[in-house]
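The values are calculated or read from the model by the stated rules, or taken from the named source; none is laboratory data. Treat the numbers as computed from the prediction; the structure is a model and nothing was measured. Positions of Cβ are generated from backbone atoms using ideal geometry, with glycine treated the same way; all protein chains shown enter the neighbour counts.
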């Protein structure tokens with residue numbers, strides 16, 4: 001009886017309005033978290049990186065780990081690119097299984113990925129061009145022109161950890177990754 | 001006699017005033033309670049539910065198999081808002097889930113939290129058409145410092161049994177075979193990452209999920 005008396009004293013119109021407002025706040029909060037987060041994964045990993053240059057990161061250890069849950073299962077070469085003043089070329093050798101070339105927007109969207117296939121070493125050359133740029137007359141013979149909506153972003157070459165015996169070879173292949181500004 | 005007359009004069013007036021005041025206070029208290037209820041539901045429910053779903057996922061945004069949880073839209077341009085918020089908030093930058101899937105476990109296969117003070121055995125079978133790795137972190141995703149500098153095993157570095165199965169031991173102290181040190185104290189998280197090799201897609205319905213390793217507590 002006491003419970004029923006208490007329940008009848010609750011203003012159910014207020015409760016209904018509160019639940020509706022709760023839903024609105026839930027949606028607004030969820031949608032604004034990416035914008036309100038001071039430093040997302042892109043900011044954390046690309047800090048201190050030179051612009052339009054490939055940079056090989058040191059091995060991932062407790063002292064050098066740039067991102068949470070970034071495993072020590074790979075070595076990375078990164079290039080923070082900006083194609084505002086013209087196209088940017090990115091190239092890398094993907095010698096074997098586990099090697100990846102990936103491109104990210106500043107929001108963390110991985111908009112392009114290519115993976116190495118077993119038994120075939122491949123060289124990937126990309127020319128990143130803003131959608132409103134004209135196609136250059138000179139591009140490399142194997143170069144793939146990639147129209148990108150994001151003028152800024154991150155190119156990442158990932159070399160898998162294959163053990164001590166492969167480390168020197170893998171680093172040498174990783175260091176051959178290139179990223180550079182292509183003048184108009 | 002004078003006092004008595006004052007009493008007889010003031011009593012109905014006073015009681016009327018008190019009654020009015022009481023009514024007013026009760027109305028104010030009622031309104032305040034309504035507003036408190038409204039604000040409480042909105043703030044706790046709105047912010048709390050958003051935080052919970054962004055942090056822990058929901059069946060709408062994650063795939064859960066035993067102790068393993070994976071965000072199937074991670075880093076994709078068409079990712080849902082919860083996946084976007086989760087990765088932005090934690091500062092993760094994964095490969096697109098079309099090419100790489102990371103399953104994260106914070107409990108063993110029986111649902112008990114993974115802690116550094118216990119030993120665990122992670123058992124599975126190699127995935128022939130994918131590259132994979134198994135890594136251990138603390139609860140915030142930081143690698144655990146250890147003198148052996150071991151943080152991960154990959155499909156290239158793990159020691160397999162002749163039948164293709166493997167067993168990784170998580171322990172503070174050195175163990176024979178595939179040992180991952182858990183150092184210090186506190187809770188642990190284990191990440192199992194599967195990468196596309198261009199042979200077979202990682203998004204084949206349920207294929208990876210069926211082959212996820214089990215996590216068994218050995219001793220504490």
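For the reader, a short list of remarks on this structure follows.
- Selection of segment B:190-201 for residues being within 10 Å of chain A (Cβ to nearest Cβ), closer than 11 Å to residue B:130 by Cα and either modelled with pLDDT of 75 or more or touching a helix residue (DSSP H, G or I) at 6+ places or on another chain (Cβ under 7 Å) (or both) yields B:193, B:195, B:196, B:197.
- Residue tally, condition more than 13 Å from the chain's Cα centre (by Cα), more than 7 Å from chain A (Cβ to nearest Cβ) and modelled with pLDDT of 90 or more, over segment B:73-91: 1
- Taken over segment A:143-184, the criterion of being part of a strand (DSSP E or B) and either within 11 Å of chain B (Cβ to nearest Cβ) or over 20 Å from the mean Cα position of the chain (by Cα) (or both) is satisfied by A:154, A:156, A:158, A:160.
- Sub-6 Å Cβ pairs linking a first residue in segment B:156-178 that is within 14 Å of chain A (Cβ to nearest Cβ) and over 11 Å from residue B:124 (Cα atoms) to a second residue that is at pLDDT below 90 and surrounded by 18 or more Cβ atoms within 10 Å (Cβ to Cβ), at least 6 apart or interchain, are B:156/A:162, ordered by first then second residue.
- Strands (runs of 3 or more DSSP E) (entirely within segment A:11-129) containing at least 1 residues that are buried (at least 18 other Cβ atoms within 10 Å of the Cβ) and more than 10 Å from chain B (Cβ to nearest Cβ): A:54-56, A:74-82, A:88-94, A:100-104
- Listed by position, the strands (runs of 3 or more DSSP E) enclosed by segment B:105-220 that each have at least 3 residues that are over 24 Å from the mean Cα position of the chain (by Cα) are B:165-171.
- Residue in segment A:83-105 that is touching a helix residue (DSSP H, G or I) at 6+ places or on another chain (Cβ under 9 Å), modelled with pLDDT of 90 or more and under 30 Å from residue B:82 (Cβ atoms) present: yes
- The condition (being in contact with a helix residue (DSSP H, G or I) (Cβ under 6 Å, 6 or more places away or on another chain) and farther than 18 Å from residue A:85 by Cβ) is satisfied by just one residue among A:159, A:172: A:159.
- For first residues located in segment B:46-67 and away from chain A (no Cβ under 14 Å) and on the phi < 0 side of the Ramachandran plot, partners that are assigned to a loop (DSSP other than H, G, I, E, B) and buried (at least 19 other Cβ atoms within 10 Å of the Cβ) and lie 6+ apart or on another chain with Cβ distances below 7 Å form the pairs B:62/B:71; B:65/B:212; B:67/B:108.
- Failed criterion for residue B:213 (all others in (1) within 13 Å of chain A (Cβ to nearest Cβ); (2) under 24 Å from residue B:92 (Cα atoms); (3) at pLDDT 90 or above hold): (1)
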